[in-house]
Amino acid sequence: MSMYLDRNRILMSQAFIILYSLLASILGRSWKTFAVIIILFIVLSIVMSRRSKGPLGVKASPADIESARRLYEEKGARELQMKDEGLASDLQEQSKALMSMNLIMIVGLAYFILFWRFIDPLYEFVAANVTSNELLAHFLAFLAYFEGYFVVNTVSAYVVSKRSGPMITINMPTEYTVSEKGIVYKGLISKTAIPFPLPEGVRVSLNERRKFVEIRKVNTKTDFRLRLYARNPKRLYTIIERYGLGSREPRQEGG
């Protein structure tokens, strides 16, 4: 099943649509309401992102992992990334997926802006044919507007995902620490922690020539790759193999 038809995602989206519709019906149709909804959407997206279990489906405290005995640390990974001649080709593959996602966002934003001006006529239609209650009529008008956005966004995203396959994400931190308890790497906003042992279905590969160890999880929805560039990739791989994989089958080597 596509991630865009996931039951939990649909239920969550419908809950937010009802919330937005109720809020908009109280505030009325204005650009202030539009701005409030956009801000609320961004805030809720950030909150949900921080509450998520992470790209590998597990969550841990960075402080807890960093408190354990450190086994490997890298702070100059950017230099190694710049020397990797195969990186451009890998990023090109990711860029195609990102372009598809950007197209989906543009389509959704176009609907959001273009159809905003039709809410008043929609309200008048509902008030004349469905209910004379002003608040309820506004609520139903906004509900139809947001449901239209959901349908347009979901359909376009589903079509793109069927054509392009799993969404590719290559995460390449410039700084990271590996301890007995897991991996902590620095992101744009905050630190992300991946605990040991690694979840089932996660593959670890070593590429000594290009100087990185890659932790990868692939399913029908996403293709997530955590690429750890290292001055001593062999040693890093051995550490992750021992503490992250345990007795599981291991070694995937590349290049």
### Residue count, the range 211-247 (criterion: of a type in the set (V, I, T), surrounded by 21 or more Cβ atoms within 10 Å (Cβ to Cβ) and touching a Pro at 6+ places or on another chain (Cβ under 8 Å))
1
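Evaluate the following for L140: is it open to solvent by 70 Å² or more (accessible area, probe 1.4 Å), modelled with pLDDT of 90 or more and assigned to a helix (DSSP H, G or I)? Don't jump to the end; show me each part of the working.
On the way: open to solvent by 70 Å² or more (accessible area, probe 1.4 Å): no; modelled with pLDDT of 90 or more: yes; assigned to a helix (DSSP H, G or I): yes.
No: the conditions fail for L140.
So, E79, is that one at pLDDT 80 or above and either open to solvent by 90 Å² or more (accessible area, probe 1.4 Å) or among the aromatic types (F, W, Y) (or both) or not?
On the way: at pLDDT 80 or above: yes; either open to solvent by 90 Å² or more (accessible area, probe 1.4 Å) or among the aromatic types (F, W, Y) (or both): yes.
Criteria met by E79.
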### Task
May I ask you to list the residues in the range 51-66 that are among the polar types (S, T, N, Q) and modelled with pLDDT under 75?
S52
### Message
I'm trying to understand the selection: among the residues of the range 15-24, which are open to solvent by less than 60 Å² (accessible area, probe 1.4 Å) and without any contact (Cβ under 8 Å) to a residue 12 or more places away in the chain?
### Response
A15
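Table: residues versus (1) part of a helix (DSSP H, G or I); (2) within 29 Å of M12 (Cβ to Cβ); (3) touching a Gly at 6+ places or on another chain (Cβ under 7 Å); (4) of a type in the set (A, V, I, L, M, F, W, C).
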{"site": "Y72", "(1), (2), (3), (4)": "no, no, no, no"}
{"site": "E93", "(1), (2), (3), (4)": "yes, no, no, no"}
{"site": "L103", "(1), (2), (3), (4)": "yes, yes, no, yes"}
{"site": "G108", "(1), (2), (3), (4)": "yes, yes, no, no"}
{"site": "L135", "(1), (2), (3), (4)": "yes, yes, no, yes"}
{"site": "G148", "(1), (2), (3), (4)": "yes, yes, no, no"}
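Here's the yes/no breakdown for (1) part of a loop (DSSP other than H, G, I, E, B); (2) modelled with pLDDT of 90 or more; (3) within 22 Å of L87 (Cα to Cα):
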residue: K162; (1), (2), (3): no, no, no
residue: T174; (1), (2), (3): yes, yes, yes
residue: V178; (1), (2), (3): no, yes, no
residue: I189; (1), (2), (3): yes, no, no
residue: R210; (1), (2), (3): yes, yes, yes
residue: R216; (1), (2), (3): no, yes, yes
residue: R225; (1), (2), (3): no, yes, yes
#### Entry: Checking F112 against (1) under 20 Å from L22 (Cβ atoms); (2) at pLDDT below 85; (3) open to solvent by 50 Å² or more (accessible area, probe 1.4 Å), the condition it does not meet
(3)
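The values are calculated or read from the model by the stated rules, or taken from the named source; none is laboratory data. Predicted, not measured: the structure shown is a model, and the values here were computed from it. Please note: Cβ atoms are built from the backbone with ideal geometry, for glycine as well, and neighbour counts cover all protein chains shown. Only protein heavy atoms, including side chains, enter the accessible area calculation; ligands, DNA and RNA are left aside. Shrake-Rupley method; radii C 1.70, N 1.55, O 1.52, S 1.80 Å.
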